[in-house]
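Report on the structure given below.
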Amino acid sequence: MAKAAKPRGLPSRETIMAFVRENPQLATKRDIAKAFNLKGDDRVALKHFLKELEADGVFQRRGKRFAEPGALPPVAVLSITGRDSDGGLIARPIEWDEVENGPTPIITISMPKKPSAKLVIPGVGDRVLTRIGPMGDDGRYAGKVIKRLEKRKQAILGVVRRASDGYRIEPTERKQDELTVSRDGLGDAKPGDLVEISIVKHGRYGLAHAKVENVIGSLSSEKAVSMIAIHAHGIPHIFPEEVTAEAELKQPLNKTDQGHEDWRDVPLITIDPATAKDHDDAIFAEPDEAPDNPGGHVVTVAIADVAHYIRPGSAMDREALKRGNSVYFPDRVVPMLPERISNDLCSLREDADRPAMAVRMVFDTQGTKIRHSFHRILMRSHAKLAYEEAQAAIDGAPEGRADDLLDNVLKPLWAAYRCMLKGRQDREPLELDLPERKILLNEDGTVERVVVPPRLDAHKLIEEMMIQANVSAAETLERARQLLIYRVHDSPALAKQEALREFLRTLEIPLARGAQLRPSVFNAILGKVSGTDHAPLVNAVVLRSQSQAEYAPDNYGHFGLNLQRYAHFTSPIRRYADLIVHRALINAMKLGSQGDGLPDLGLDELREIAGLISTSERRAVNAERDTVDRLIAEHLHTRVGDEFDGRVTGLSGGGLFVTIEQFGADGFVPAATLGDEYFRHDEGLHAMVGEVSGQGYRLGDPVVVKIGSIQVLAGSMRFEMISEPRDFGTGITSRHKARRSAKGARRAYARKGAGRTRKRR
């Protein structure tokens, strides 16, 4: 691609790059124009120049701001991991995904010359909320500590095992070696117990010696597997006494309380999984009787009024922010709020009076939302239905409560959904075909089986109504000029677009270069391969090309949903971001007078909160994934040596990741075990290819693998490839030979240069 030429009168490309790098929070077109005193025609020229720089991959746009591709966010939670050669602190991002984002960046922590009394000086092992910026032009970062967070204990987790010469500690992390422990160092722990340990002695030979610091529980007990992830990721799971005490003092809303409209006669219902214990959203729909909206519908979404009980700055509020969100494991839930709130006072139980925040949305006959209004209400759920019950009733097999509600409640809901579906189809959000597996457990916490639940219209109905409620919240707050935290999802970075383009070329599917990608472009690609052998592969590669969603007070839209304004409003019981949005609505709509609205927070303070809860979300995702891996490994540990049908779901320089589709079990096949030749990861082809034969394995390929070994505690499985490699053709072979020749030439040149250097010395 040709390098963008600088128009006259503008700062140079390098100068603009330096400004964006050094001012990540002041990098809009307006900021750049102001910084370089550009006016009139120069501002117009700057607009076009910035578009060219973005197309060249120099910048990526985040809303109105420009940022370097792959740059760290301006505010993030870091873990201080050590010191540099000068004794300064260095840190790394918490829960960094190297597969998604590349190697973990190292940030140098800069300390103020005169620290304030409020800032506690951090040390190695601390977690800190940090404002991040570049340090020079070499890709390094510097971080300024905003606040030190609660120090996380760096414990090593393991399980006590009996050995012929005493006791051993089998670690839960795959990179940690086995340790030995004496009888005195064992304390009250018994074989089979999950324990926290410290290393007391590193011997020159043999295993390191450990001491048990804390017994977490028996690994044979129910919920022990998720407890490993809870401790490994530092997830707060025990509420402090002041938090539970504060929750117990809360009382149900009295109907005489002011500020809540009485909507108890509106036949709102909840539709949730059959096993749900808390119900935070209720819905109702009816035809719009307004003469100017024939064929239209009125949809009401009511959400538990958590802000009524959780006041800003209270003990429950501080704990909720620390947790960020509820964490859902197959065998337990670690809630954001105490059960007195989440499962009782704020759960929209059938026939119980509950406070709620409701949005009333009016759609025209084409599914376009034409207006909406927010209300703070007292409601009563008229029924609690499971997804399957509601769907069965609509499909012609109504039973029990669903039968009673069929004509007056369920049919109007489905009529409204069919109308809203037209609007969704016109909007064209990204429609990936990625079936979700669910683990069903026995009473003892072990895996019974893994299933792929059907995707019902009842699920889609709830999803679309929640999306529109979230959109309405963001629109209302923007109109009121009220600061809020958005749910944002950036468009794919240009580097990922180019990688996708190169991959699609191998399937003879074009992807225009330089065009502004929209979800509809991806949907067209997915439509071309739907029902073919390429469908799983293309869905996987398109997913990998996407950016990661996050929370931010700066709005740059939601690419996947194809929405300009989007905020999380519908689950304040389990997400702190939603509680922020509820409080902002209370302020904007003047719906409260008892100090339960959003405090007077500035943009920087909201950025801090957004950074904390984005980190908490990633922490939860990683912990949930680790627990599933361990449960599946435990389920299959007696099947070592068995063969299974699988699919290649990931690639790295070291080998292949394969998923056994029957169980959703992920394992690794080292490249060194694939054959007698050297196998190289071809990123453009998304394949592992033999350099001599040109044969190999591609992302999405169906394969047969044998389980070679399993580390149950680490949730790690090693597979052996049984399937023969596919032939990628002579073009691939010659391309790899050319790469190998070029690599040899570079090495020879480097050796020759090194010789000249030695002579100069």
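The values are calculated or read from the model by the stated rules, or taken from the named source; none is laboratory data. Just so we're clear, the structure is a prediction, and the values are computed from it rather than from any experiment. Note that we place each Cβ from the backbone using ideal geometry, even for glycine, and neighbour counts take in every protein chain shown. Keep in mind that these areas ignore ligands, DNA and RNA; they rest on the heavy atoms of the full protein, side chains included. Shrake-Rupley method; radii C 1.70, N 1.55, O 1.52, S 1.80 Å.
Pairs of Cα atoms in the range 261-318 fall into 10 Å distance bins, from 0 up to the last occupied one, in shares of 18, 32, 30, 14, 5, 0 percent. The simple spin-label model puts a point 7 Å past each Cα toward its Cβ; for ALA480 and ARG83 those points are separated by 5.0 nm. So what does the Cα-only Debye profile of the range 213-362 read at q = 0.17, 0.18, 0.22 Å⁻¹, as log10 I(q)/I(0), no solvent term? So the normalised log intensities work out to -1.07, -1.14, -1.41. With the convex hull drawn around the C-alpha atoms of the range 515-621, the volume per residue stands at 148 Å³.
When you work out D = kT/(6 pi eta Rh) for the range 171-261 at 10 °C and 1.306 mPa s, using the Kirkwood radius from C-alpha pairs as Rh and the Stokes-Einstein form, the result is 94 µm²/s. What GluC sites (Glu not before Pro) in the range 270-355 are in a loop by DSSP, with at most 15 other Cβ atoms within 10 Å of the Cβ? Counting only loop positions with at most 15 other Cβ atoms within 10 Å, the GluC sites (Glu not before Pro) in the range 270-355 are GLU289. You can think of it this way: the chain between LEU603 and GLU339 has 91.8 nm of extra reach, that is 0.36 nm per residue less the Cα-Cα gap. Can you pull the percent of Cα pairs in the chain with separation above 51 Å? When all Cα pairs of the chain are counted, 18 percent exceed 51 Å.
Remark: the range 329-409 carries 40 Å² of accessible area per residue (probe radius 1.4 Å; ligands, DNA and RNA excluded). For the range 179-240, the antiparallel share of DSSP beta bridges with both residues in that region comes to about 80%.
Nonpolar atom fraction for the range 551-654, defined as the carbon and sulfur part of the 1.4 Å probe accessible area, stands at 44 percent. Taking every C-alpha pair closer than 8 Å and separated by at least 6 residues, the mean separation divided by the residue count of the range 449-572 gives a relative contact order of 46 percent. In terms of packing, defined here as the mean over residues of other Cβ atoms within 10 angstrom, the peptides 292-303, 41-52 line up highest first as 292-303, 41-52. Computed with a 1.4 Å probe over protein heavy atoms only, the accessible surface of the range 503-557 comes to 46 Å² per residue. Rounded to the nearest 20 debye, the dipole magnitude of the chain is 5020 debye, with +1 charges on Lys and Arg beta carbons, -1 on Asp and Glu beta carbons, and the Cα centre as origin.
Taking packing as the residue-averaged number of other Cβ atoms within 10 angstrom, the listed peptides 383-389, 452-458 run from highest to lowest as 383-389, 452-458.
Report summary: the helix-based calculation at 222 nm, which adds -39500 (n - 2.57) for every DSSP H run with n ≥ 4 and divides by the residues of the chain, gives -9500 deg cm²/dmol. Per residue, the solvent-accessible area of the range 580-624 (1.4 Å probe, heavy atoms of protein chains only, all protein chains present) comes to 36 Å². Taking every alpha-carbon pair under 8 Å whose residues sit at least 6 apart, the range 506-660 reaches a relative contact order of 14 percent. What does the C-alpha gyration tensor say about the overall shape of the range 579-703? Classify as rounded when a/c is under 1.5, otherwise prolate if a/b is larger than b/c, or oblate. Verdict is prolate for the range 579-703. Computed over the Cα atoms of the range 295-435, the ratio of the radius of gyration to the Kirkwood radius (Rg/Rh) comes to 1.01. Using C-alpha pairs under 8 Å with a sequence gap of at least 6, the mean separation divided by the residue count of the chain gives a relative contact order of 10 percent.
Here the spin labels are modelled as points 7 Å beyond Cα on the Cα-Cβ line, and at THR15 and ARG513 they lie 3.0 nm apart. For the range 524-582, what does the alpha-carbon gyration tensor say about shape, rounded, prolate or oblate, given a ≥ b ≥ c as the root eigenvalues, a/c under 1.5 as rounded, and a/b over b/c as prolate? Judged from the Cα gyration tensor, the range 524-582 comes out prolate (a/c at least 1.5, a/b above b/c). Computed on the Cα atoms alone, the convex hull of the range 352-481 gives a volume of 187 cubic angstrom per residue.
Couplings 3J(HN,Hα) for the range 561-569, derived from phi with the Karplus relation 6.51 cos²θ - 1.76 cosθ + 1.60 (θ = phi - 60°), are 8, 6, 10, 7, 10, 8, 9, 7, 10 Hz, where x marks Gly and Pro.
By DSSP, the beta bridges lying fully in the chain are antiparallel in about 90 percent of cases. Extension gain, SER110-ASP165: 0.36 nm per intervening residue step, less the Cα-Cα distance, totals 14.8 nm. Which whole-angstrom value gives the distance between the alpha carbon centres of the range 252-302 and the range 211-242? Each part reduced to its Cα centre gives a spacing of 39 Å. When the chymotrypsin sites (Phe, Trp or Tyr not before Pro) in the range 593-687 are filtered for DSSP coil states and for at most 14 other beta-carbon atoms within 10 Å of their beta-carbon, the remaining sites are TYR678. Surface composition of the range 329-450: carbon and sulfur make up 41 percent of the accessible area, probe 1.4 Å.
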